[in-house]
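Student: Pasting in a structure now, in structure tokens, and then I'll have a few things to ask.
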Amino acid sequence: MKKHYFFLLVFTLFIFPFIVPVFSQTSPQLVDYIFCKCNIITIDELNPLFEAIAIKDGIIIGLGDTEEILENFATENETTYDLDGRTIMPGIIDGHTHYMASLFWIGETETIYEAQILALANGYTTLNEKSIDMGEFQWLQEAEQNNTLRLRVNAFLIYNYAWLENNESVLVEHWSPDLEPLLEHDRKFRIPGFKIYLDGAYGNRGFPAMSDPYTQEMIELWGIINPYGDLYFNQSELNSVVDSLHDRGFSIAVHAMGDRATETILNAIEYALNGTDNDNARHQIEHNSFIREDQITKALSLNTIHSVRGYFPTYWQQEYADLYSAVWQERTVNRYSLPGEGLHSYLETDFGFLHGYDEDNWSKSANIRPFLHLWGLVTRKAIDENGTIHTPNPWVVEHEISVEMALRMMTIEGRWKDRVSVG
Ligand SMILES: [Zn+2]
């Protein structure tokens, strides 16, 4: 397969809201880098495109056309670059990965280094690790201290394990009660919150918790034990879990696939917010695999944040199309409508190291290639192991996402959910 190289300059997104092009100096100001004759996509709706950029001390201090920038800024050391029409955009933020956690288990310094270079080369600057245990936590802390952390990592600490034992959720009990969120924007390692597993995920983790039962056919075919799927916490348990983490200043990221799980977590977030806005807490819901219209309305009123799956090879999902009722099909397609509804929504890919990257195979769902996810979000098409392109089933393509919206989900919306402190 032909290799694709993307030129991508990645920079910190949080400075964008403060950019105002200003050009009125008499002598050029000395900066560290100038890139000109390029296509700069800012993801800022008011100032979407520029041609040249000036950077000093890691901060963007000028944007404009090539002539303006060269007139107002200069560099020493030949660090003014003519990019000949190449594109510059903000660094990509993945809202849901298990990349760093999977590297921890490999444990080889060289692999860890190269894997981070691979992620950076693909355009990622920040990963949200949605399940970090104690060992991974200490390792990431050390990596930051030794300067071996190249990516920014937002770690969501595991609150409970992703399975039930004797119908009980298995809690992770070793987190210190004095642990506080780590949110500083200039840190590579941050702790915005906790990850809570609320329902199943097909197979041995149990099944998504639904408000209508699975059919007899599904129960037999998939070996389902609880006909309504598996909910790991009841409403009052979840209310007190979310409320106490909220009070300690943590965001919560909740695995919720079935609509009964979504209902329970929306209620718990409402309880914890207690009339305040989610703009401060930034509680977020992962997967949203079956979401109802009334829940979208409630999510809008709470201003919750939602993950949307990127590239996903839905062409093999005929089995689901045949088994799901029209109502279930509509609920599972609703997940793609979330950004269009005006909800904060971010890219979710779920990639790890061992399964995330295969030089010649683009077909895998949990894929490290962000532009494959962009293509998936916009077209819902998929590519198989042989390189054949598949058009999606009609029931999957109801809600289209524009390229602009998908790019927002991959950058500024990922930044929104980060809740880093700038001060
Ligand atoms: Zn995951």
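Student: Which condition number does Pro181 fail, the rest of (1) more than 14 Å from the ligand (Cβ to nearest atom); (2) surrounded by 16 or more Cβ atoms within 10 Å (Cβ to Cβ); (3) touching a residue at least 40 places away in the same chain (Cβ under 8 Å); (4) under 21 Å from Ser102 (Cα atoms) being met?
Tutor: Just one mismatch for Pro181, condition (4).
Student: Go through (1) of a type in the set (Gly, Ala, Ser); (2) within 23 Å of Phe351 (Cβ to Cβ); (3) out of contact with any Phe, Trp or Tyr (no Cβ under 7 Å at 6 or more places or on another chain); (4) modelled with pLDDT of 95 or more for Ser211 and report which single condition fails.
Tutor: Going through (1) of a type in the set (Gly, Ala, Ser); (2) within 23 Å of Phe351 (Cβ to Cβ); (3) out of contact with any Phe, Trp or Tyr (no Cβ under 7 Å at 6 or more places or on another chain); (4) modelled with pLDDT of 95 or more one by one, Ser211 breaks only (2).
Student: Taking into account only those residues within the range 100-116 that are among the aliphatic types (A, V, I, L, M) and surrounded by 18 or more Cβ atoms within 10 Å (Cβ to Cβ), which is farthest from the chain's Cα centre (by Cα)? So that I can check it myself, show each step before the final result.
Tutor: Here is the first cut: in the range 100-116, the residues among the aliphatic types (A, V, I, L, M) are 100-101, 103, 106, 112, 115.
Within this subset, residues satisfying the condition of being surrounded by 18 or more Cβ atoms within 10 Å (Cβ to Cβ) are 100-101, 103, 112, 115.
Numbers: Met100: 14, Ala101: 15, Leu103: 18, Ile112: 21, Ala115: 18 Å.
So, considering only residues that are among the aliphatic types (A, V, I, L, M) and surrounded by 18 or more Cβ atoms within 10 Å (Cβ to Cβ), the one farthest from the chain's Cα centre (by Cα) is Ile112.
Student: Could you please find all residues in the range 184-213 being touching a residue at least 24 places away in the same chain (Cβ under 8 Å) and among the acidic types (Asp, Glu)?
Tutor: Glu184, Asp199, Asp212, listed by residue number.
Student: Pairs, please: C-beta under 8 Å, at least 6 apart or cross-chain, first residue closer than 30 Å to Leu70 by Cβ and in the range 81-104, second modelled with pLDDT under 95 and within 16 Å of the ligand (Cβ to nearest atom)?
Tutor: Close Cβ pairs satisfying both conditions: Ile92/Gly414.
Student: Residue under question is Ser363, and the condition is that it be outside any helix (DSSP H, G or I), hydroxyl-bearing (Ser, Thr, Tyr), modelled with pLDDT of 95 or more and under 22 Å from the mean Cα position of the chain (by Cα); does it hold?
Tutor: Answer is no for this residue.
Student: For the range 367-392, enumerate the residues that are buried (at least 19 other Cβ atoms within 10 Å of the Cβ), outside any strand (DSSP E or B) and of a type outside the set (D, E, K, R).
Tutor: Step one: filter the range 367-392 for residues buried (at least 19 other Cβ atoms within 10 Å of the Cβ), giving 367-370, 372-377, 380, 382-383.
Then drop every residue that is not outside any strand (DSSP E or B), which leaves 367-370, 372-377, 380.
Passing the criteria: Asn367, Ile368, Pro370, Leu372, His373, Leu374, Trp375, Gly376, Leu377.
Student: Would you confirm whether any residue within the range 269-278 is surrounded by fewer than 19 Cβ atoms within 10 Å (Cβ to Cβ), in the same structural domain as Ile132 (by TED's automatic domain parsing) and modelled with pLDDT under 90?
Tutor: Pass one, the range 269-278, residues surrounded by fewer than 19 Cβ atoms within 10 Å (Cβ to Cβ): 270-271, 274-277.
From the residues that got through so far, the ones that are in the same structural domain as Ile132 (by TED's automatic domain parsing) too are 270-271, 274-277.
Now restrict to residues that are modelled with pLDDT under 90: none.
No: zero hits.
Student: Can you find a residue that is in contact with a Phe, Trp or Tyr (Cβ under 7 Å, 6 or more places away or on another chain), of a type in the set (D, E, K, R), assigned by TED's automatic domain parsing to the domain that holds Ile191 and modelled with pLDDT of 90 or more anywhere in the range 387-405?
Tutor: no
Student: Between a residue in the range 297-324 that is touching a residue at least 12 places away in the same chain (Cβ under 8 Å) and within 25 Å of Ser363 (Cα to Cα) and any residue that is of a type in the set (Gly, Ala, Ser) and assigned to a loop (DSSP other than H, G, I, E, B), which pairs come within a Cβ distance under 8 Å, given they are 6 or more apart or on different chains?
Tutor: Correct list of pairs: Tyr311/Ser365; Phe312/Ser365; Pro313/Ser363; Pro313/Ser365.
Student: Could you please let me know if Ile69 is assigned to a helix (DSSP H, G or I) and at pLDDT 95 or above? First the steps, then the outcome.
Tutor: Values: assigned to a helix (DSSP H, G or I): yes; at pLDDT 95 or above: yes.
Yes, satisfied.
Student: If Asn77 satisfies every condition in (1) under 27 Å from Leu120 (Cα atoms); (2) in contact (Cβ under 8 Å) with a residue 12 or more places away in the chain but one, which is the exception?
Tutor: It is condition (2) that Asn77 fails.
Student: Filter the range 322-360 down to the residues that are assigned to a helix (DSSP H, G or I) and within 16 Å of the ligand (Cβ to nearest atom) and list them by number.
Tutor: Matches in the range 322-360: Arg335 only.
Student: Kindly check whether there is at least one residue in the range 232-242 that is surrounded by 24 or more Cβ atoms within 10 Å (Cβ to Cβ), hydroxyl-bearing (Ser, Thr, Tyr) and within 21 Å of the chain's Cα centre (by Cα).
Tutor: No, there is no match, as no residue in the range 232-242 is surrounded by 24 or more Cβ atoms within 10 Å (Cβ to Cβ), hydroxyl-bearing (Ser, Thr, Tyr) and within 21 Å of the chain's Cα centre (by Cα).
Student: Can you tell me which residues in the range 276-306 are within 23 Å of Arg248 (Cβ to Cβ) and of a type in the set (Ser, Thr, Tyr)?
Tutor: The answer is Thr276, Thr304.
Student: A further question follows. Would you pick out the residues in the range 188-211 that are surrounded by 15 or more Cβ atoms within 10 Å (Cβ to Cβ) and assigned to a loop (DSSP other than H, G, I, E, B)?
Tutor: Lys188, Leu198, Gly200, Ala201, Gly206, Phe207, Pro208, Ala209, Met210, Ser211
The values are calculated or read from the model by the stated rules, or taken from the named source; none is laboratory data. None of these values were measured; they are calculated from a predicted model. Methodologically, a virtual Cβ is constructed for each residue, glycine included, from the backbone with ideal geometry; neighbour enumeration extends over all protein chains shown.
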